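J.: Let me begin by handing over the structure; questions about it come next.
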Amino acid sequence: MKNSVAKPRPLPSITLRDVGGLGEEMKEEILQTLSTLKEPERAAKLGIKPPKGILLYGPPGTGKTLLAQAIARELNADYFSASGSAFNELFVGVGASRVRSLFHSARKQGPAVIFIDEVDALAGRRKAHGGEEAEKTLTELLVQLDGGHSNDGILFIAATNRKDMLDEAFLRPGRIDFSFHVPLPDTKGRREIIDIHSKGKSLAKDVYASLDELAESTSGFSGAELQSLFETASRRAVQSGQDMIQRHDLDYALDRTILGSTSRTLQDY
Ligand code: ATP
């Protein structure tokens, strides 16, 4: 059993305000969902069951992990995280026992958020997924999700780029109660994310004045790419001995990011 799967991770102080581009409607929906977890008695009086599982799906780098961390913080819960691929084992029973151990540790701790990224590696459609071991591991996950009570203080959050690959049994309400689409940000969303990642960085006046334009011109960029844009520009400024990001640093970073995503696309497909 890899300890890393079952130990709570120290949670960075991420709040919902650190996740840009969610849109008012989605934020409202998330807050409503969380309020049923924070006040289970009140929710019960209203006949509402707090969710046991939430799915976040959308392209890479759009903030699904960030959102899971913000939710854990909002709930004041311990945060257990693992990648779906950490459960793929050739040895008999190891994947299933990892799943059991993860839920066991979280239940002992409670309240806790269990976050599984790349959940398609663990909960992919059984037929396509193949392999007896993978099937046993998925069955154990379903058993664990069914074994929990909606008010036992455990929230399961799964993330994927491939919702279409997930097994239908996994997606059933009572296991996954809400699915949130986390898309690539639109212009307004990119502007929010640019604000988040440029905050605390010294920007030359013309850079500061061009942030609206930057949001307009970065269509197709993910939050992760926008974050990397400002990191690259900062590093470039430091390298050239400046104490502020200048327009040419940002242009350099833009070129690098665009090149980076082009080569990634070429490699991937
Ligand atoms: P993947 O599907 O590849 O696992 P993800 O959707 O989980 O990606 P994150 O790991 O949350 O994406 O994003 C990586 C980093 O990019 C974050 O730590 C953050 O710095 C930045 N980022 C991504 N999306 C956002 C966002 N919506 N708002 C603010 N920052 C973001």
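Values in this text are rule-based calculations from the coordinates and carry no lab data. Worth saying up front: this structure is predicted, and the values here are computed from it rather than measured. Here Cβ is always computed from backbone atoms with ideal geometry, including for glycine, and neighbour counts include all displayed protein chains.
J.: What number comes out for the charge environment of V143, summing +1 per Lys or Arg and -1 per Asp or Glu over other residues with Cβ under 12 Å away?
T.: Net of charged neighbours comes to +1.
J.: Arrange the peptides 18-28, 237-247 so that the one whose residues have, on average, the most other Cβ atoms within 10 Å appears first.
T.: Listed from highest to lowest mean packing, they are 18-28, 237-247.
J.: Anything over 21 Å Cα to Cα? Flag those among K49/K163; K64/K136; K49/K136; K64/K188; K64/K108; K38/K163, in the order listed.
T.: Pairs exceeding the cut-off: K49/K163; K64/K136; K49/K136; K64/K108; K38/K163.
J.: How would you rank 212-220, 102-110, 228-236, 65-73, highest first, on the average number of other Cβ atoms within 10 Å across their residues?
T.: 65-73, 228-236, 102-110, 212-220
J.: Quick one: if you take sqrt(5λ) for each eigenvalue of the C-alpha gyration tensor of segment 154-243, what semi-axes come out, biggest first, whole angstrom?
T.: 37, 14, 11
J.: A further question on this structure: Compute, for segment 169-209, the length of the dipole vector about the Cα centre, with Cβ point charges of +1 (Lys, Arg) and -1 (Asp, Glu) only. Units Debye, rounded to 20.
T.: 60
J.: Suppose only helical runs count, i.e. DSSP H with n ≥ 4. What mean residue ellipticity at 222 nm does that imply for the chain under -39500 (n - 2.57) per run, divided by all residues and rounded to the nearest 500 deg cm²/dmol?
T.: The helix-only estimate for the chain comes to -15500 deg cm²/dmol at 222 nm.
J.: Say each of V92 and H181 gets a label point 7 Å from the Cα, pointing the same way as Cα to Cβ; how far apart are those two points in nm?
T.: Here the modelled spin labels are 4.5 nm apart.
J.: If you take the alpha carbon radius of gyration of segment 1-116 and divide it by 2.2 N^0.38 Å, what ratio comes out, to two decimals?
T.: Dividing the Cα radius of gyration by 2.2 N^0.38 Å gives 1.15.
J.: How big is the convex hull of the Cα atoms of segment 194-236, per residue, in Å³?
T.: 70
J.: Give me the extension gain from Q32 to R256: residue separation times 0.36 nm, minus the current Cα-Cα distance, reported in nm with one decimal.
T.: Roughly 76.7 nm would be gained on extension.
J.: Let's test this: bin the Cα-Cα distances of the chain at 5 Å from zero up to the farthest pair and state each bin's percent.
T.: Taking all Cα pairs of the chain, the binned fractions are 1, 6, 12, 15, 16, 14, 12, 10, 7, 5, 3, 1, 0 percent.
J.: Here's a follow-up. Let me check I've understood the local charge: for D177, count other residues with C-beta under 11 angstrom from its C-beta, Lys and Arg +1, Asp and Glu -1. What total comes out?
T.: +4
J.: Treating the beta-carbon of each Lys and Arg as +1 and of each Asp and Glu as -1, no other charges, what is the dipole magnitude of the chain about its Cα centre, to the nearest 20 debye?
T.: For this selection, approximately 760 debye.
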